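What follows is a short report on a single structure.
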Amino acid sequence: MNASYTWLRDFVEFDLSPGELRDLLTARCATVEDVVPLRQDLAGIVIGRVLDAARHPNSDHLWVTRVDSGTGTVHRVVCGAPNVTVGTLYPFARVGATLPGGVTIEKRKIRGELSEGMLCSARELGLGTDHEGILALDVEAEPGTPFLEVMRAGDSRLVVDVLPNRPDLLSHEGIAREIAGATGSRLTRPTHPPAVLTRAVSTRARPPIAVNVEDTDGAPRYLAIPIHGVTIGPSPQWLASRIEAAGARSISNVVDVTNYMLHGFGQPMHAFDMAKLAGDAVIVRRARNGEKLVTLDGVERTLDDSMTVIADDEKAAAIAGVIGGKGSEVTDSTTEILLEVAAFDPKRIRATRRRLGISTDASYRFERGVDQSAIADLAAYAAELITRVAGGTAQPSIDIGAPVGIPAELRLRPERVNRVLGHDISAPDIERHLSSVGFVVRREGDDIMVTPPSFRSDVTGEVDLIEEVARLHGYDSFPADVRAFRPGTVPDAPLEIVSRRVRAELVSSGLFEARPMPFVSTGSEPHRVRNPLAENEAFFRTSVLDSLGGRVEYNWSHMQKNVRLFEIGTVFTEEADPNTGAPVERTHVAAAVTGDRRPAHFTEPHPPQFDEWDAKAMAESVSAVAYPGADIQLAPSVGDVLWTIAESGRAIGSVSRLTLDSPLWAAPVFGVEIDLGGTGSTDRTDTATDAGKTAHTHPASTATVKEYVAIPRTPAIEVDLALLVPEEVTSARAAEEIRASAGDLLESLAVFDEFRGPGVAAGSRSLGWRLTFRHPERTLREREIQGRTAKILKDLEAALGIRQRTS
């Protein structure tokens, strides 16, 4: 939303600079992303201080001054103004600066005296007509300060980021309402003088026009006002400047009024040339399949019956809520117009503009919803404004649509407000805050009954009112100190406890958490969103790795080759909920890694890259944290799925090689995805609750709880075994057998080598194992270890066919 600083002052009086207004709106209702001065032709003007002034030796009306402009060098300036005063600040144009009229200041001699700049008058800056003297400034500023920083010269444009739940802020009136509420000023609608028309226009007799709304779902409210005898021409300066300040282009007086209503009041309007409409009726109907219309942008568009159009007796004349048609546009020859003011179905407008690939200021507002209760008043206001700037006579309006009901009254409990916000706000202050922005309040005992205004459709419950009170009271007024509190007795949900442990495990492993939206570009029809935020994200995802894969590609596009990301988020399964028919939601954790395993170091300039074994190790550690004490198995798979993860025989995830749109220099990408349970899941209530008791008692701790183990005081004995392992036997199964055979003296077990080649029979591979033995109280004897090693080799051969490699 582009808001004009000067235009806002037409609605409400305030004494805030553009910068101060930016801070107020950002803290109160919507982020102001930028403040753009519209008088950029004054960008080269700075503040200058006159240090001394003397009569020009060769002139009786000129002065020779010395000016400080903040550069460290004093400028000699010849000035003809009679009001130059030593010590006063003036607008100053240095050599090389360009004045609004296009004149570039140069160093030159005036009657024999060198002049190195110019002290400016209001007329020379385009700020007035006074040319008799230079513009003395009563400001506190240092020489060299840009003129636009200290003076309200011309207009400024505020670029406001309006969220979808606040369509009322897509207008100058809506933003001005917030300013009025914050400053205690009165909100008014601006009045404008009539324009002086330069020519008279004769009007022809025309039968009264009728309006027929066939598509009442697409157009729940439709109002039209015929206006006869208009004179199309340039807009008056005040109107053109308002349109241009909002970032639009002034076209003509009538069209500019419709744009004035859109930007000023958030209500899109359209003017038809009635002489170009066939027949005596305007019909609001569904488009016909294959029907064509050349729109105002000159493009011929093919319509279908999912769209609403405004038509005459023969053809479509406009696409409702999106764009008008070329054939009925207002031109210089127009003398009769039909002013359209309507409310269209937001979902229909969104679907139409996406299907046609066009977005307009009108569709942007209709998609978010307009205030139907304000349509009649705004239509009358616009019709009067048209007759003021274009002449003519407005006929009675034709208003079709069901009456708009009064919003439901909501109960607000002051004690509930204070309990939720943790800050005492008195009932009178609550009433004052809400009434300042249009809410109707009344007392009923200790409670406050609140009726939201029609333009605040987002306020539907008590918690919404509490949020309003918080922002209107001012977030910065809440205390920042940490206060005493009583911890609750209700334990965290099992799924939340598990997610917290998993998050701590992955963060401690060096991964970064991503939080994308759970939507993807492709999917099955049951997973399609009816009103997606974007067509390239129109489906619910069935895998978190789909989202992380996109994040990896995004990093690649920015030349980032080392990526390690994880997400704990929602997926939507193929199975349907028996009650609602919607896909079942479950919570998954997924991680994607690619590139270098660790940062480069002078001792290792080229670190090894992540491989499938890193991904498998990650899957094992995350599974152990997510399912503590459970029987987790990783079974080799085929294709891109390298291993499937199972818990007690039930599949819970996989380790995969991801196939992405990768550049030539990118390393392979490996992903892990594990099911943590359904929304509100009790899949692992017992284990999750038991493991989460400590976390609930100490809410600041999110890491896995580990017991302290003292450093061993006895030496360890390491034994390396090279084993010939059949291909069908996994290393995990071999490790399980080694641990069972080695007994309690085995401290650790790790694979350090794998070999296939000469000396190793086909169907087998050589795995190098390192076994570490230790006794907690005494030194082990070599004979003990030899005996245990022999037993291990015997048990491995008997159970799994694993033999020791001797060559």
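The values are calculated or read from the model by the stated rules, or taken from the named source; none is laboratory data. None of the values given here were measured: they were computed from a predicted structure. Cβ sites come from the backbone with ideal geometry, for glycine too, and all protein chains shown count toward neighbours. Ligands, DNA and RNA are excluded from the accessible area calculation, which covers all protein heavy atoms including side chains. Shrake-Rupley method; radii C 1.70, N 1.55, O 1.52, S 1.80 Å.
Computed values, structure above
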| item | result |
| --- | --- |
| Solvent-accessible area per residue, Å², over the chain with all protein chains present [probe radius 1.4 Å] | 50 |
| Extreme residue, positive dipole direction of the chain, given options 279, 3, 328 (C-beta unit charges) | 3 |
| Nearest-ten-degree value, helix 253-265 long axis tilted from longest Cα axis of the chain | 50 |
| Point-charge dipole on Cβ atoms (K/R +1, D/E -1) for the chain, about Cα centre, debye to 20 | 1080 |
| Solvent exposure, largest accessible area first (probe 1.4 Å, DNA, RNA and ligands not counted), of 553, 106, 647 | 106, 553, 647 |
| Inter-centroid distance (Cα atoms) of the stretch 268-318 relative to the stretch 351-415, Å | 20 |
| Cα gyration tensor, the stretch 719-807 - rounded (a/c under 1.5), prolate or oblate | prolate |
| Exposure ranking of 616, 292 by accessible area [1.4 Å probe, largest first] | 292, 616 |
| Within the accessible area of the stretch 31-145 (1.4 Å probe), percent carbon and sulfur | 46 |
| Calculated FRET efficiency for the pair residue 413/residue 657, C-beta based, R₀ 56 Å, to 0.05 | 0.50 |
| Between the stretch 462-536 and the stretch 428-461, the Cα center-to-center distance that results, in Å | 28 |
| Tilt relative to the chain, helix 731-742 - C-alpha long axis, 0 to 90 degrees, to 10 | 40 |
| The stretch 328-341 - phi-based ³J(HN,Hα) in whole Hz, Karplus 6.51/-1.76/1.60, Gly and Pro as x | 10, 6, 7, 10, 4, 8, 5, 10, 10, 10, 10, 8, 9, 9 |
| Computed magnitude of the charge dipole of the stretch 47-148 (debye, nearest 20; Cβ of K, R +1, Cβ of D, E -1) | 420 |
| Carbon + sulfur, % of accessible area of the stretch 579-628 - ligands and nucleic acids excluded, 1.4 Å | 56 |
| Hull-based mean projected area of the stretch 10-122, where the convex hull spans the alpha carbons, in square nanometres | 9.9 |
| Exposed chymotrypsin sites (Phe, Trp or Tyr not before Pro) absent: longest stretch of the chain, with sites in DSSP loops and at most 14 other Cβ within 10 Å deemed exposed | 1-484 |
| Helix-derived mean residue ellipticity, 222 nm - over the chain, DSSP H n ≥ 4, -39500 (n - 2.57), to 500 | -8000 deg cm²/dmol |
| Ratio Rg/Rh [Cα only; Rh per Kirkwood] for the stretch 184-332 | 0.99 |
| Rounded percent of accessible protein surface that carbon and sulfur make up, the stretch 496-559, 1.4 Å probe | 52 |
| Accessible-area order (highest first, 1.4 angstrom probe) of the listed residues 766, 426 | 426, 766 |
| Tilt relative to the chain, helix 494-508 - C-alpha long axis, 0 to 90 degrees, to 10 | 90 |
| Positive-pole candidate from 122, 265, 99, dipole of the chain, charges at beta carbon | 99 |
| Calculated diffusion of the chain, Stokes-Einstein form, Kirkwood radius summed over Cα pairs, 25 °C and 0.890 mPa s, µm²/s | 72 |
| Cα extents of the stretch 100-166 along the three principal axes, largest first (Å) | 67, 28, 23 |
